[in-house]
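Here is the structure we will look at, set down as structure tokens.
The values are calculated or read from the model by the stated rules, or taken from the named source; none is laboratory data. Treat the numbers as computed from the prediction; the structure is a model and nothing was measured. Cβ placement follows ideal geometry from the backbone for every residue including glycine, while neighbour counts extend to all protein chains displayed. Side chains included, ligands, DNA and RNA excluded: accessible areas come from the protein's heavy atoms. Shrake-Rupley method; radii C 1.70, N 1.55, O 1.52, S 1.80 Å.
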Amino acid sequence: MRPIPRLLAVILLAATGCGGPFPQTTLAPRSDLGAQIDTLFTSIFWWAVVVFAIVEGLLLFVIIRYRARPGAGQPSRLHGHTALEIGWTLAPALILVFIAVPTMRTIFATAARAPAGALRVEVIGHQWWWEYRYPDLGIVTANEIHLPLGRPVELDMTSADVIHSFWAPGLGGKRDLTPGRITRIAFTADSLGEVAGQCAEFCGASHANMRLRVFVESDSAFVAWAARQKSDAAVPARGSEAERGQQAFARGACIACHTIAGLPQARGTVGPNLTHVGSRTTLAGAMLPNTTEWLRRWIANAPSLKPGSLMPAMPLPEDQMAALVAYLQSLQ
Ligand code: CUA
């Protein structure tokens, strides 16, 4: 390719790379924590632009002004120029100090605990899904976390197996989840709606399939959600398909790993709590949409969709599968 078409192709590629939407952008903060990090990034970015312009401007000036000309002699040498050497050592050091001060200030500000009265959520990382417990509200759920708008939140995080990292870019920075330790992140969400996130620390075969969703809701919507989540699982109607599904669930292998509040046989804690699984929008670590088709495929062969998944393949006869799916979907 000739130079001009090549340059145009690069510009076109760069420009088309900038079309949205970017659900995991860090540049559109939706919490006080995200805003602090964004402010730090933006200010350092513009100072870096100033440094770049000065350095490149001087470089271009020197290249053009002092270029080799026919008949010009040897340029003079600057070896051992003390003032210059002190200058070009001090200038970068000063720039680093200039960047370090606001960076340290932001690190300390964002490491602080949430104020008293904040909503506490315990986050437990598993290979490869998220467990959320709201100790003050008596709720246990998975993968999708609901938070009220404008109220301080503290996530107290740990891991059941290996190191994971909670990262919902819109809400702010990452924080590792380390087995045997509690790490914390505190923020106040300031805009309604869904925030996409994912595990940001390599944690095994399905690290890339360990996603999460945050739903920031108005106070009344959050209270209504919490009240539903707190209740025991819905009891299927007598003689319904969902009731047959419930019986299949209670007789099958599912109860070894999953809890359903209100179903005494189901007390497993290896996998996500399924008490209200029908109310979630996603399955399998927020990786698949929670639809009939995906639920069937997930139950039939989870490891084929999520490599390394602890949930084994469960090839069920068609009538049992339909009943089981109907039951899980009835758990609103
Ligand atoms: Cu969990 Cu990566």
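How many of the residues making up region 251-260 are assigned to a loop (DSSP other than H, G, I, E, B) and in contact (Cβ under 8 Å) with a residue 60 or more places away in the chain? It would help to see each step written out before you state the result.
Restricting attention to region 251-260, the residues satisfying the condition of being assigned to a loop (DSSP other than H, G, I, E, B) are 252, 257-258, 260.
In the following step, the residues that additionally are in contact (Cβ under 8 Å) with a residue 60 or more places away in the chain were identified as 252, 260.
Residues that pass the stated criteria total 2.
List pairs: first residue in region 199-219 and closer than 22 Å to residue 308 by Cβ and in contact (Cβ under 8 Å) with a residue 12 or more places away in the chain, second residue open to solvent by 50 Å² or more (accessible area, probe 1.4 Å) and more than 15 Å from the ligand (Cβ to nearest atom) anywhere in the structure, Cβ distance under 8 angstrom, at least six positions apart or on different chains.
Close Cβ pairs satisfying both conditions: 213/194; 213/281.
Residue by residue through region 188-204, note down the ones that are more than 10 Å from the ligand (Cβ to nearest atom), over 19 Å from residue 290 (Cα atoms) and open to solvent by 10 Å² or more (accessible area, probe 1.4 Å). Steps first, answer last, please.
Residues of region 188-204 more than 10 Å from the ligand (Cβ to nearest atom): 188-197.
Cutting the leftovers down to over 19 Å from residue 290 (Cα atoms) gives us 188-192.
If the condition is that a residue be more than 10 Å from the ligand (Cβ to nearest atom), over 19 Å from residue 290 (Cα atoms) and open to solvent by 10 Å² or more (accessible area, probe 1.4 Å), then 188, 190, 191, 192 are the ones that fit.
Only one of 305, 288 is touching a helix residue (DSSP H, G or I) at 6+ places or on another chain (Cβ under 7 Å) and open to solvent by less than 20 Å² (accessible area, probe 1.4 Å). Can you tell me which? Outline the logic, then answer.
Working: 305 fails: open to solvent by less than 20 Å² (accessible area, probe 1.4 Å).
Answer to the selection: 288.
I'm checking my understanding of the structure. Among residues of region 160-174 that are of a type in the set (A, V, I, L, M) and more than 12 Å from the ligand (Cβ to nearest atom), which one is farthest from residue 213 (Cα to Cα)?
Our first condition is that a residue be of a type in the set (A, V, I, L, M); within region 160-174, this holds for 160, 162-163, 168, 171.
So of that shortlist, the ones also more than 12 Å from the ligand (Cβ to nearest atom) come out as 168, 171.
Values: 168: 8, 171: 11 Å.
For region 160-174, the residue satisfying everything is 171.
Looking for whichever is part of a loop (DSSP other than H, G, I, E, B) and open to solvent by less than 40 Å² (accessible area, probe 1.4 Å) here; the options are 233, 248. Which one fits? Step through it out loud before you land on a result.
Working: 248 fails: part of a loop (DSSP other than H, G, I, E, B).
Result: 233 is the single residue among 233, 248 that is part of a loop (DSSP other than H, G, I, E, B) and open to solvent by less than 40 Å² (accessible area, probe 1.4 Å).
Run down 177, 149 and say which single residue is surrounded by 14 or more Cβ atoms within 10 Å (Cβ to Cβ), away from the ligand (no atom under 16 Å from the Cβ) and either without any contact (Cβ under 8 Å) to a residue 24 or more places away in the chain or not hydroxyl-bearing (Ser, Thr, Tyr) (or both).
Working: 177 fails: away from the ligand (no atom under 16 Å from the Cβ).
So the residue among 177, 149 that is surrounded by 14 or more Cβ atoms within 10 Å (Cβ to Cβ), away from the ligand (no atom under 16 Å from the Cβ) and either without any contact (Cβ under 8 Å) to a residue 24 or more places away in the chain or not hydroxyl-bearing (Ser, Thr, Tyr) (or both) is 149.
Among (1) open to solvent by 20 Å² or more (accessible area, probe 1.4 Å); (2) within 16 Å of the ligand (Cβ to nearest atom), there is one condition residue 143 misses while meeting the rest; what is its number?
(1)
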